[in-house]
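Scroll down for the structure; my scribbles are underneath it.
Just so you know, all these numbers are worked out from the coordinates, no wet-lab data involved. Just so you know, these numbers come straight off a predicted model, no measurement behind them. Here the Cβ positions follow ideal geometry from the backbone for every residue, glycine too, while neighbour counts run over all protein chains shown.
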Amino acid sequence: MGNRCAVIGVGQTRYQTKRRDVSIAGLVREAALRALEDAGLTFKDIDAVVIGKAPDLFEGVMMPEAYLADALGAAGKPMTRVHTAGSVGGSTALVGASLIQGGVHDRVLVVAFEKQSESNATWALSTHLPFNASLVVGAGGYFAPHIREYMRRSAAPDHIGTLVAVKDRQNALKNPYAHLRIPGINRQMVESTPMLWEPIRYLETCPSSDGACAMVLASEDKVTGTPAWVHGTAMRSEPMARADRDTVSPQAGKDCAADVYRQAGITDPRREIDVAEVYVPFSWYEPMWLENLGFAPEGEGWKLTESGSTALDGDIPWNASGGVLSSNPIGASGLIRFAEAAQQVRGMAGEHQVDGARTALGHAYGGGAQFFAMWIVGAQKP
Amino acid sequence: MREVAVIAFAQTEHTDHDEGLTDFELIHPVIQEVKERSGLSRFGFTCSGSCDYLAGAPFSFVSALDALGAWPPISESHVEMDAAWALYEAWVRLQHGDVDTALVYGFGKSSMGDLRAIMTLQLDPYYLAPLGLDQVSFAALQANAYGAGRAELDEIVRRSRADGRNNPRALDLDDPSGEEFEVEPLRPYDVAPITDGAAAIVLAAGDLARELAERPAWITGIAHRIEPHYLGMRDLTRSPSAEAAGRAAGVGKGPVDVAELHAQFSHEELILREALELPAETVVNPSGGPLAANPVMATGLIRIGEAASRILDGGAGRTVAHATSGPCLQHNLVTVLEA
């Protein structure tokens with residue numbers, strides 16, 4: 001794992017449908033300045049910048065790191081652009097951490113963003129390449145069959161997805177940065193919204209958000225303020241076209257979790273992790289990932305959701321921030337998970353703070369549920 | 001830093017037209033070739049570079065993953081940059097000490113669209129892209145600012161194309177001729193050709209590199225720097241980011257037998273020679289360089305592969321590779337390789 005690394009600053013923008021008041025550069029700079037302020041630093045103190053976002057077609061700006069170098073104070077420094085599909089926000093944090101763990105730099109600024117209002121993500125995801133099958137369905141249409149297969153295998157009752165949708169939006173009411181803040185959110189409200197992709201209803205999906213998230217990472221010698229220590233980092237990828245891969249509980253997710261738990265010395269994630277920020281863009285992915293990440297035995301993830309274990313006052317809160325279901329600037333969504341995990345162990349999560357959180361999981365996935373990025377952060381030095 | 005070396009390199013026979021290959025079909029042979037050359041079938045880390053805008057569709061790297069046989073699942077990442085930056089990420093990952101090998105690859109089919117117009121989309125989307133300034137036009141601005149002599153530029157192109165004809169992987173291009181301008185002062189032959197292709201490199205650390213290769217090409221320095229985006233804020237007659245990266249990588253700490261420069265326009269070679277303070281005796285782009293084959297997103301990685309090959313095959317003792325990104329050499333990565 002290399003040298004020790006810690007999160008010493010976090011900055012987020014208020015996520016919303018359209019940020020008409022700022023350019024893309026203004027948006028990323030807002031998050032970066034907040035992260036620097038949190039760390040008590042300025043751009044001058046930063047050795048390198050790592051930026052991540054989902055496909056360039058989402059804004060229509062190709063390789064935007066070239067244009068954003070000025071706004072992020074990167075001139076004269078190394079700058080790297082990461083793109084690993086939906087997991088990219090998580091991967092961006094890991095590439096930044098890697099620079100410190102590898103002993104190359106002492107202070108790295110990582111930033112991820114999406115300004116979905118500049119384009120149309122479902123359109124950008126539905127292009128048709130020659131000699132390839134195009135589903136023309138966006139992400140929801142792609143994942144819905146996997147969810148139906150999960151429901152068949154686990155015999156989970158139909159209302160589990162609704163419970164997740166309500167729980168995450170209730171958490172979002174406590175998070176000032178969250179996009180969807182729906183007062184009085186309840187099951188009836190979710191169940192009365194239109195069915196988009198059976199079994200996913202409108203309020204069981206993530207919103208389209210504009211937003212950016214940034215973190216300042218530091219080597220042990222350069223830690224200032226309240227650090228969240230990195231205890232483990234892992235990425236895993238598997239091919240889209242492998243005939244016998246399990247798209248409901250992908251092997252890459254299991255392997256990635258096993259790797260990051262091994263590094264952090266975790267043998268029983270449900271007991272040893274205090275709070276998890278997990279990439280749940282469609283409600284049913286909470287029970288699916290509860291199993292994939294080893295928080296529940298196969299077929300029983302939905303029981304944790306149903307019993308309230310994953311609620312803010314449960315024994316293993318998932319997505320205390322409101323999660324991807326409440327804010328989804330796609331390329332930043334993974335980094336927000338990683339940053340919120342860090343805020344929890346720093347004791348700086350505000351109203352959605354989980355009391356006494358010492359160990360937290362940040363998780364992101366992407367592609368056809370085939371790219372995974374995870375980290376474990378802790379209040380204590382590893 | 002931990003000792004890391006290039007131990008294997010492979011590239012496609014690049015073409016100036018679409019051969020109807022999918023990304024998978026383009027990449028698979030070079031991946032197989034570096035696996036055979038290195039004797040490795042699994043790698044501690046994998047990283048690639050590509051660009052969605054060349055294919056005009058999102059996630060070009062997703063189908064590429066199918067070319068790797070990524071099963072069981074692999075530890076893998078991707079940069080939306082030239083694959084030279086993927087190599088940098090892999091080199092950093094090898095510094096952690098827990099993995100000893102890495103696979104790096106890059107690919108691009110610039111035949112699929114109008115590269116010159118596509119590169120416009122890399123500019124500031126509010127203030128620059130709407131002006132329609134295309135890639136050749138902004139390169140011409142730099143050529144004009146630098147004030148390169150026509151005879152000097154012609155000689156660079158003549159040498160590059162002659163070397164390219166001797167390189168079975170590069171395109172067969174005639175000696176430069178013609179008086180017309182593409183965008184003054186650049187003639188059509190000053191511009192790197194449209195090319196489809198892919199390349200792959202295997203990195204190994206320490207004793208494993210010595211075991212797997214007779215003469216590993218050790219990376220003794222590697223660094224990159226970016227500079228401001230707006231052309232008006234930059235001195236276009238030089239490349240301060242290449243200068244800084246070259247100093248950080250330690251180019252000047254020894255002789256440079258060969259330099260492979262990512263010059264996509266003939267005048268860029270002159271700017272880069274100065275930025276990297278290359279001695280007069282250094283052989284530049286013996287492969288023909290980008291002016292003889294420019295598979296965008298792999299071109300920078302190929303420079304590292306070619307510079308490493310001169311060491312792997314015993315022909316050179318110390319070489320330099322350069323990769324670039326962004327308009328007018330905005331972002332530069334420099335690698336020093338030693339026997």
> Restricting attention to the alpha-carbon atoms of region A:54-201, what are Rg (one decimal) and Dmax (integer), both in Å?
Replying inline: 19.7, 57
> Mind checking the angle between helix B:266-275 and chain B's longest principal axis? C-alpha axes, 0 to 90 degrees, to the nearest 10.
Replying inline: 70
>> At a threshold of 8 angstrom on Cα-Cα distance, excluding pairs fewer than six apart, so keeping six or more, what relative contact order does region A:191-314 reach in percent?
In response: 20
>> Considering all projection directions equally, how large on average is the shadow of the alpha-carbon convex hull of region A:16-141, in square nanometres?
In response: 9.2
>> What three numbers, in Å, describe the spread of the alpha carbons of region A:268-334 along their principal axes, ordered from the longest?
In response: 31, 22, 20
>> Taking the 0 to 90 degree range and rounding to the nearest ten, how far is the long axis of helix B:23-38 tilted relative to the main principal axis of chain B, both from C-alpha atoms?
In response: 50
> Does a label point 7 Å from the Cα of B:ASP114, set along Cα-to-beta-carbon, have any residues of region B:271-309 with amide nitrogen under 20 Å, and which are they?
Replying inline: B:296
> If you line up the long axis of helix B:240-249 against the longest principal axis of chain B, both from Cα atoms, how many degrees apart are they, to the nearest 10?
Replying inline: 20
> Taking a point 7 angstrom from the Cα of B:ASP207 along the C-beta vector, which residues in region A:1-17 have backbone N less than 16 Å away?
Replying inline: none
> Antiparallel DSSP bridges in chain A: what percent, to the nearest 5?
Replying inline: 75
>> With every atom except the alpha carbons ignored, what do you get for Rg and Dmax of chain A, in angstroms?
In response: 19.1, 57
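Ratio to report: Rg/Rh of the protein assembly as shown, with Cα atoms as the point set and Rh obtained by the Kirkwood method; give two decimals.
Here Rg/Rh amounts to 0.97.
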> Structure shown: which of A:LYS44/B:LYS109; A:LYS53/A:LYS167; A:LYS77/A:LYS115 lie over 30 Å apart, alpha-carbon to alpha-carbon?
Replying inline: A:LYS44/B:LYS109
> In straight Cα distance, which lysines are under 17 Å from A:LYS254, not counting same-chain residues fewer than 8 positions off?
Replying inline: none
>> With just the Cα atoms defining each centre, how far is region A:1-17 from region B:43-64? Give it in Å.
In response: 26
>> Using all alpha carbons of region B:198-269, what is the percent of pairwise distances in each 5 Å bin, ordered from the shortest bin to the longest?
In response: 3, 11, 16, 19, 19, 14, 8, 5, 3, 1, 0
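How large is the Rg to Rh ratio of region A:159-285 when both quantities use alpha carbon positions and Rh follows Kirkwood?
In region A:159-285, Rg relative to Rh is 1.02.
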> In square nanometres, what is one fourth of the surface area of the convex hull spanned by the alpha carbons of region B:229-339?
Replying inline: 6.4
> Given labels modelled 7 Å from the Cα in the Cβ direction, how far is it in nm from A:GLN380 to B:LEU131?
Replying inline: 5.8
> Local charge sum around A:ARG236 (other residues, Cβ-Cβ under 11 Å, Lys/Arg +1, Asp/Glu -1)?
Replying inline: -3
>> Give me the extension gain from A:MET195 to A:GLU351: residue separation times 0.36 nm, minus the current Cα-Cα distance, reported in nm with one decimal.
In response: 52.9 nm
> When chain A is modelled as a GNM with alpha-carbon springs shorter than 10 Å, which of A:ALA243, A:ALA71, A:ALA121 fluctuates the most?
Replying inline: A:ALA243
>> Using only the alpha-carbon atoms, what does region A:137-224 span along each of its principal axes? Please give whole angstrom values in decreasing order.
In response: 52, 31, 25
> So what is log10(I(q)/I(0)) for chain B at q = 0.07, 0.11 1/Å, when the Debye sum runs over its Cα atoms only?
Replying inline: -0.25, -0.65
> Sequence-distant or interchain residues sharing an amide H contact under 5 Å with B:THR15, placed H: which?
Replying inline: B:ASP196
> Could you give the radius of gyration (one decimal) and Dmax (whole number) of the Cα atoms in region A:297-348, in Å?
Replying inline: 12.6, 35
> Once phi is turned into ³J(HN,Hα) by the Karplus curve 6.51 cos²θ - 1.76 cosθ + 1.60 with θ = phi - 60°, what whole-Hz value does each residue of region A:188-195 show in order, with x for glycine and proline?
Replying inline: 4, 4, 5, 6, 8, 8, x, 7
